[in-house]
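Asks: First the structure, which I've put down as structure tokens, then a few questions once you've had a look.
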Amino acid sequence: MRRSLRFVSLTALLFLWIQIQTSCSSRMSGEGSTVPPAIELTQGESSQKYNIQLDFMKHHMSGMLIVRRMPDNEIRIVASTYFGPSLFDFSLRNDQFTVNSCIEPMKKEKVLKLLEMDFRRLFLSEKGTRVKASKDSTTEKRTTGKGFGKSVVYITGNTPGDPAQIKIKHPWIRLTIRLDKLSNLDKLSKEF
């Protein structure tokens, strides 16, 4: 009698543990499948421009990010301050990440690796990302990694592949990168 009662108790506990694990695990779309890039870049299209803000602990940098897909399928990423000096100039192609130029404080291997991972998540398809949309479907949350390698990308905007705002957070190292899409500046300059 006691043996069967122990067996039933252990079975019930095992069943309860399995239920808790499956209900607490994130049921998000995209987990295990390929997630499309947050920003779709088509070849031959004009450059996409964003206001960029980098916040690291108490330090703040802002400027403009210009991104363009080149004819050889290379993605060129250039950030500069509003006063002209370039912060960085990167080239991204499938498995290759090239640093064309970069300011001295960012020339650290770990910083460059972190930026490479962030830009890959934005402009290339990726696996292993957990995706969750808000109730009104205006914001999408993409989570990748765990611990110090964890990053959370918030994508705001109703047009897939052309978001109005992107916020990348690295909670453990207190780094936030915010991109706000700029309207087409070419049309504005022609009007004046």
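Asks: Rank Arg69, Arg174 by accessible area, highest first, at a 1.4 Å probe radius?
Replies: Numbers: Arg69 45, Arg174 145 Å².
The most accessible residue leads, giving Arg174, Arg69.
Asks: Based on the Kirkwood radius over alpha-carbon pairs, what value in µm²/s does the Stokes-Einstein equation return for the translational diffusion coefficient of the range 65-128 at 37 °C and 0.692 mPa s?
Replies: Details: Rh = 12.3 Å.
After rounding, the answer is 266 µm²/s.
Asks: In nm, what is the difference between 0.36 nm times the number of residues separating Glu116 and Ser91 and their Cα-Cα distance? Please list the in-between numbers first.
Replies: Numbers: separation 25, 0.36 × 25 = 9.00 nm, distance 0.97 nm.
Residue separation times 0.36 nm, minus the Cα-Cα distance, leaves 8.0 nm.
Asks: For the range 117-123, what does the Karplus curve 6.51 cos²θ - 1.76 cosθ + 1.60, with θ = phi - 60°, yield as ³J(HN,Hα) per residue in whole Hz, taken in order and with x for Gly and Pro?
Replies: So the J values, rounded to whole Hz, are 4, 5, 5, 5, 5, 7, 10.
Asks: If you average 1/r over all unlike Cα pairs in the range 41-153 and invert the result, what Kirkwood radius do you get in angstrom? Provide the component values of the computation, followed by the final result.
Replies: Working: mean 1/r = 0.0643 Å⁻¹.
For the range 41-153, inverting the mean 1/r across all distinct Cα pairs yields 15.5 Å.
Asks: How much length is gained if the chain between Lys150 and Ser101 is pulled fully straight, taking 0.36 nm per residue apart and subtracting their Cα-Cα distance, in nm to one decimal? Spell out each step's value before the answer.
Replies: On the way: separation 49, 0.36 × 49 = 17.64 nm, distance 2.64 nm.
In short, 15.0 nm is gained.
The values are calculated or read from the model by the stated rules, or taken from the named source; none is laboratory data. Computed from a predicted structure; not experimentally measured. Side chains are part of the model used for accessible areas, which takes the heavy atoms of the whole protein and leaves out ligands, DNA and RNA. Shrake-Rupley method; radii C 1.70, N 1.55, O 1.52, S 1.80 Å.
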